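To keep things clear, I will list the structure first and then write my remarks on it.
Only the coordinates and a few stated rules stand behind these numbers; no lab work does. Every value quoted in this text rests on a predicted model; they were computed, and no experiment measured them. With ideal geometry, Cβ positions are generated from the backbone for all residues, glycine too; neighbour counts draw on all protein chains shown.
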Amino acid sequence: MNTTIQIPNYKFRIPIIILLFLAFTSTAQSDPNLGIIPAPVSVNKGKGEFRLTPETLILVDSPSNKAIHFFTEYLKKAGYINTVLDVNTVDKKKYSLKNSITLSLNFKGDLPAEGYRLSVTENQVIIEGRGAGMFYGIQSLIQMMHGTNPGYAAIPCATIKDYPRFSYRGMHLDVARHFYDTAFVKKYIDMLAAYKINSFHWHLTDDQGWRIEIRKYPKLTEVGSKRAQTKIGRATGGDSTSYDNMPYEGFYTQDQIADVIRYASDRYVQIIPEIEMPGHSLAAITAYPELSCDPSKTYKVGETWGVSNDVLCPTNETFKMLDDILLEVMELFPGKYIHIGGDECPKIAWKKSEFCRSLMSEQNINDENGLQSWFIGKIEKYVNSQGRNIIGWDEILEGGLAPNATVMSWRGDKGGIAAAQLGHDVIMTPGSGGLYFDHAQSKSPQEPLSIGGYAPLEKTYAYNPVPSALNAEQAKHVIGVQANVWTEYITTTAKVEYAVLPRLMALAEVGWTPANGKDFTNFSQQRLPRHLARLDATGTNFRVPVAYGAEDTTLSGSHFTIKLTPAVEGAKIYYTLDGYAPRETDQEYKGPMEFTIPEHGSLHFKTITITAAGRRSNVSDIKMEN
Ligand code: ACM
């Protein structure tokens, strides 16, 4: 009975599918990168497309590989019902390569690290890659798949060769200022993996909260993960002096963290845990005042933002506790790197301390920068003794760099340049390069509260991680690039998503695509709109850019043509000419518009973009004056 009902449905669906394919083909044809973000190293477009149907066989030579597992799970969740065959055990005469997708890890020849080859013809799709390379080939394939009919997709014919520009491609998340549960952290990791970002820097401790269970020192979370209240609005320079009077808390158990590490590893994402020292440690000091230079003082977990003068004191007791903490961290996190912070450590408490003065004289240390360097050096020695390496913010250069440290250059490029010139590995993450995703995305007062700054999408996209000051040998020490998400003003997961998307996609291209393959117009106008439409449909929040051609500006003259393209596929653009903020009850933009402005006259053309799911852009304003 079932089949007889299904047959007419199936036939009826065919014309719709063809329409969808045609719609896709017209956009894809003009896009040299076939919609893939980050843009691949090389794309040779073919003619026609492969049709993925329920009959398409998925042929694998490594069925237990985690990239293969990811793909088969993806297909199931997305409503595909394809059969997966292990080519090692199935008789080759029993299946045809026509209408198949082959995922091969056991191919001959070399590929660059994390690289893959992807070939799509009308008959067959083949991905070759090992480990992360296979996973990234699969991500590209998923991005190329089109169609809305469950179980069916079209994939444009092409040959792609691809591998990353940098080995370290990172996103950071500060869970100390505001806390996000592991379900969100996993969603965040999903976003990274989909865009070939392979490193998640988890900022777990700071003045305002200690967020990782340490079994030997339970007060770190019993006391340090809780603050009594939080400053409302800006910490400084704002018009509010109020606190919200609402207790705030949260931390991850080691079991939860182990689960997240497994989840990330299944997606080829390494996690770099950060335990801040010697500054940004007020939460730890509140739990254990003996970590400070003045244990008699009463401390409280930070309730406002900025840099605290209460820092760790370089006593034997402090180092014992830090070694114990780091040991638990290293037992939990399997990766090569442990981030030890090192940024923004005021030296006031050390200057006041009799202990620090005598320690400096005993160790022949000239000044407090030297003492910080000695501190980091001791920690590095311990971390190295456990077979791991430290990463620190660029302040660890001051007073002398620990011998094996990798530097994260956040205060511009200069720390990165200095470290690379000293032969140290460097990860570029300068706020001035558009890589602080807590910075505002436009200058419009309609942006939500942020720490300030200005990091629009095009600025992130334009960043080049290799400073021209480095020669070729030194440039090899730039192992990659990262964007940071500090969360003083990011109170919700929806706001994290707003801060991160779409800038994460620009970062992905900075870290992956060869410098000469980057093209902002192709990225933002041909590829991004479809990616944002997909997010829109899956319930992930993002910042809706104003329509291309509608950005705030003042134009002088008498005659103007305005031509707009929505920044999200399928979104609608509404406009007003009466000075009011447009909304969905206003006129919809349908095509290029001509305006003639009389002498001494002016007109405001205001727009808003509203996506299919109802997400709204800022209101933009083009003032035309004569
Ligand atoms: C930093 O932004 N303090 C690394």
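Isolated Cys in the chain by the 4.7 Å beta carbon test?
Cys157, Cys345, Cys356, each lacking another Cys Cβ under 4.7 Å.
Add -39500 (n - 2.57) for each DSSP H run of 4 or more in the chain, then divide by its residues: what number comes out at 222 nm, to the nearest 500 deg cm²/dmol?
-9000 deg cm²/dmol
Relative to the first principal axis of the alpha-carbon coordinates of the chain, what is the inclination of helix 2-30, with its axis defined by its Cα atoms, in degrees from 0 to 90 and to the nearest 10?
Taking the Cα atoms of the chain, the angle to 2-30 is about 70 degrees.
Using the Kirkwood radius built from alpha carbon pairs, what does the Stokes-Einstein equation give as D for region 247-369 at 4 °C and 1.567 mPa s, in µm² per second?
80
Please figure out what share of the DSSP beta bridges in the chain is antiparallel and state it in percent, rounded to the nearest 5.
50
How large is the Kirkwood hydrodynamic radius of region 52-211, in angstrom, based on all distinct alpha carbon pairs?
Taking the inverse mean of 1/r over all distinct Cα pairs, region 52-211 comes out at 17.4 Å.
What does the net charge come to around Cys157 if you take all other residues with beta carbon closer than 10 Å to its beta carbon, with K and R at +1 and D and E at -1?
Local net charge: 0.
In nm², what is the average projected area of the convex hull enclosing the Cα atoms of region 370-424?
Projected area, direction-averaged: 3.3 nm².
Using Cα atoms only, what is the angle between the long axis of helix 254-265 and the major principal axis of the chain, expressed in degrees (0 to 90) to the nearest 10?
40
Full extension from Glu73 to Glu122: what is 0.36 nm times the residue separation minus their Cα-Cα distance, to one decimal in nm?
Value of the extension gain: 15.2 nm.
Taking the Cα centre of region 172-224 as origin, sum charge times position over the Cβ atoms of Lys and Arg (+1) and Asp and Glu (-1), and report the length of that vector in debye to the nearest 20.
It comes to approximately 180 debye.
So if each residue of separation counts as 0.36 nm, and I subtract the Cα-Cα distance between Leu97 and Asn471, what length gain in nm does that give?
Extending this stretch completely gives an extra 129.7 nm.
Label region 64-125 by shape, choosing from rounded, prolate and oblate, from the square roots a ≥ b ≥ c of the eigenvalues of the Cα gyration tensor; if a/c is under 1.5 it is rounded, and otherwise prolate applies when a/b is larger than b/c, oblate when it is not.
rounded
Could you tell me what % of all Cα pairs in region 475-589 have separations over 16 Å?
Here the long-distance tail beyond 16 Å is 71 percent of all Cα pairs in region 475-589.
Step by step: find N for region 149-298, compute 2.2 N^0.38 Å, then divide the Cα radius of gyration by it. What's the final number?
That works out to 1.35 for region 149-298.
Identify the chymotrypsin sites (Phe, Trp or Tyr not before Pro) of region 166-215 meeting these criteria: DSSP loop state and at most 11 other C-beta atoms within 10 Å of the C-beta.
Loop-located and lightly packed - none at all.
Less than 22 Å apart at the alpha-carbon level, and either on another chain or at least 8 residues along: which lysines does that give for Lys231?
Lys300, Lys495
Can you return the aspartates and glutamates within cross-link range of Lys563? Criterion is Cα-Cα under 17 Å, with same-chain partners fewer than 8 residues away left out.
Within the straight-line limit of under 17 Å, Lys563 reaches these aspartates and glutamates: Glu551, Asp552, Glu588, Glu594, Asp621.
Alpha carbon centre of region 59-86 versus region 387-419: separation in Å?
One Cα centre to the other: 42 Å.
Determine, at each q value in 0.12, 0.22 (inverse angstroms), the log₁₀ of I(q)/I(0) that the Debye formula gives when each Cα of region 294-353 is one equal point scatterer.
Ignoring solvent entirely, the Cα scatterers give -0.41, -1.12.
Multiply the residue gap between Asn364 and Ala258 by 0.36 nm, knock off their C-alpha separation, and tell me the result in nm, one decimal place.
Extra length from Asn364 to Ala258 when fully extended: 33.9 nm.
Report the semi-axes of the equivalent ellipsoid for region 228-316 in whole Å, largest first, where each axis is √(5λ) for an eigenvalue λ of the Cα gyration tensor.
28, 21, 13
Give the angle, between 0 and 90 degrees and rounded to the nearest 10, that separates the Cα long axis of helix 132-144 from the longest principal axis of the Cα atoms of the chain.
Approximately 40 degrees, to the nearest ten.
Starting from the 7 Å offset along Cα-to-Cβ, what nm value, one decimal, do you get for the label separation of Ser167 and Asp578?
6.3
Treating only the Cα positions of region 450-525 as identical point scatterers, give the base-10 log of I(q)/I(0) from the Debye formula at each q in 0.17 Å⁻¹.
-0.76
Which net charge results when you count Lys and Arg as +1 and Asp and Glu as -1 among the other residues whose beta-carbon is under 11 Å from that of Asp244?
Once all neighbours under 11 Å are counted, the net charge is +1.
What do the square roots of 5 times the Cα gyration tensor eigenvalues come to for the chain, in whole Å, largest first, as semi-axes of the equivalent ellipsoid?
45, 33, 23
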